[in-house]
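Have a look at the structure below, then the notes.
Laboratory data are not the source of any read-out in this text; all were calculated from the coordinates shown. A quick note: this is a predicted structure, and the numbers were derived from the prediction, not measured. Here the Cβ positions follow ideal geometry from the backbone for every residue, glycine too, while neighbour counts run over all protein chains shown.
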């Protein structure tokens, strides 16, 4: 609402403030961000808010700057701090949800986002692989955090999920491949191409069962 208010009166104050905040945040090396817990929570909290409420500003960034943000999010997603990984997972969910809901629509934000994805075609596949690896092989404190964006990413980029699934199958012996295929079929059964709350909740339950089942036999 606030951003719409400023836009209504062609007031650039909010955009200017966001731009300054981003410049300040990105001027700090990522290793320094992650070294200080309080600062890292503020840093990733800012990014999450930007992707949630200020997509027009974020997607209008230069691709190099946008990818600097996504690199930070990718790093934070793998943090042992559940708060940080949750903030980063939510950021990814905002991105993937927007892409799924708005893909093909003639909106400036979508054109800008597609420009970034064209320049970095592996972005969604990289995020998909990291999320599933954290779910299947990562520490337990991250499981709930990483589940939320998996459905939106799968819907936003079905090819990324297919590529990860095929790769994971190749890492397993024939017996485990059969088990994994069965588990994947159960995971994907009756999942709608929708991001409404009911479908998200149903898929989260399926993901939980999928994780429990596959961790019993998957090998690294």
*Using alpha-carbon coordinates, inclination of helix 174-188 to the longest axis of the chain, degrees*: 50 degrees
*Which label in (i) 17.5; (ii) 27.5; (iii) 18.5 gives the computed Kirkwood radius over Cα pairs in Å*: (iii)
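Can you tell me the FRET efficiency between residue 182 and residue 144 if r is taken as the Cβ-Cβ distance and R0 is 22 Å, rounded to the nearest 0.05?
Values: r = 25 Å, r/R0 = 1.11.
Here the calculated transfer efficiency is 0.35.
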*Points 7 angstrom from Cα along the Cβ direction at residue 219 and residue 101: gap in nanometres?*
4.4 nm
*Along Cα→Cβ, 7 Å out, is where each label goes; now give me the distance between the ones at residue 49 and residue 111 in nm to one decimal.*
3.0 nm
*Can you tell me the relative contact order of the chain? Whole percent, Cα pairs under 8 Å, sequence separation 6 or more.*
17 percent
*Quick one: if the Förster radius is 25 Å, what FRET efficiency do residue 119 and residue 158 give, using the C-beta to C-beta distance and rounding to 0.05?*
0.75
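Multiplying the sequence separation of residue 74 and residue 19 by 0.36 nm and subtracting their Cα-Cα distance, what value in nm do you get?
Details: separation 55, 0.36 × 55 = 19.80 nm, distance 2.14 nm.
That pair, residue 74 and residue 19, stretches by 17.7 nm at full extension.
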